[in-house]
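Reading through the structure tokens given below for one structure.
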Amino acid sequence: MQPNEVHKQVLRRFTYGLYIVAAATESQYAAATVTWLSQVSFDPPLIMLALRNGSRILDMCQKAGACAVHVLAKGQEQIASSFFKPARVEKDALSGFRFHPGSETGAPIFSELPAWCEVKVTKAHPAGDHTLVVAEIVDAGVTHQEISPLALRDTPWHYGG
């Protein structure tokens, strides 16, 4: 059943953040802007990402068995839009943003973003046109303490409904 207009209106009122997810194997990289993410457990610390089936980021997260999730701050819409399309791989940058490999998983960490966590994939569940990826947080960092996270409703974009 396709969502009707009322379904779309309700789903677009849910609160969604904007995050950059990045993954790497020894020779390949991927990064994408995602919105469907949630904490699912305190012990162990687990999060859930809904990643579009057939996307490069889903493929890379599954191949690597890990990824890094970055929180964006209000005002970082340009960074978010840079990862709407497949990331351009450069020497030590993805789509023009420098990164270093995470200490636990090797996933790309963007140091200019305000907060990040490295996660190891524990499960993947097909769910319609997306796959739910459950992952355990194995490392995290905060580079800017006083930020407000970028929410989808603060932008001209929508990805719900």
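Can you give me the number of residues within the range 81-105 that are more than 18 Å from T143 (Cα to Cα) and crowded, with 17+ Cβ neighbours inside 10 Å? Summing the residues that are more than 18 Å from T143 (Cα to Cα) and crowded, with 17+ Cβ neighbours inside 10 Å in the range 81-105 gives 6. Just checking, which of W116, W157 is of a type in the set (A, V, I, L, M, F, W, C) and assigned to a strand (DSSP E or B)? Of W116, W157, the one residue that is of a type in the set (A, V, I, L, M, F, W, C) and assigned to a strand (DSSP E or B) is W116.
A single entry from V89, V121, V134 fulfils the requirement of being among the hydrophobic types (A, V, I, L, M, F, W, C), under 19 Å from A64 (Cβ atoms) and in contact with a Gly (Cβ under 8 Å, 6 or more places away or on another chain): V121. Scanning the range 14-42 for residues that are assigned to a loop (DSSP other than H, G, I, E, B) and exposed (fewer than 11 other Cβ atoms within 10 Å of the Cβ) turns up T15, E26, S27, F42.
One residue stands out among those in the range 114-161 that are surrounded by 15 or more Cβ atoms within 10 Å (Cβ to Cβ), of a type in the set (V, I, T) and under 23 Å from C61 (Cα atoms): the one that is farthest from the chain's Cα centre (by Cα), which is V138.
S95 falls short on exactly one of the conditions (1) over 13 Å from the mean Cα position of the chain (by Cα); (2) more than 11 Å from A22 (Cβ to Cβ); (3) not β-branched (V, I, T), and that condition is (2).
Taking the condition buried (at least 17 other Cβ atoms within 10 Å of the Cβ), modelled with pLDDT of 95 or more, outside any helix (DSSP H, G or I) and not basic (K, R), does I57 pass? Criteria not met by I57. I'd like the full set of residues that are of a type in the set (A, V, I, L, M, F, W, C), farther than 18 Å from S82 by Cβ and modelled with pLDDT of 90 or more, limited to the range 7-36. Scanning the range 7-36 gives a single hit, W36. Could you say which residue among L18, L11, L49 is under 16 Å from H158 (Cβ atoms), of a type outside the set (G, A, S) and under 12 Å from the mean Cα position of the chain (by Cα)? One residue alone meets the criteria, L18.
Check the range 45-52 and report whether any residue there is crowded, with 18+ Cβ neighbours inside 10 Å, outside any strand (DSSP E or B) and not hydrophobic (A, V, I, L, M, F, W, C). Checked the range 45-52: no residue is crowded, with 18+ Cβ neighbours inside 10 Å, outside any strand (DSSP E or B) and not hydrophobic (A, V, I, L, M, F, W, C). Is it the case that V69 is assigned to a strand (DSSP E or B) and either surrounded by fewer than 16 Cβ atoms within 10 Å (Cβ to Cβ) or of a type in the set (G, A, S) (or both)? No, not satisfied.
The values are calculated or read from the model by the stated rules, or taken from the named source; none is laboratory data. As the structure is a computational prediction, the values presented were derived from the model and not from experiment. Because the Cβ atoms are built from the backbone with ideal geometry, glycine has one as well, and the counts that use them run over all protein chains shown.
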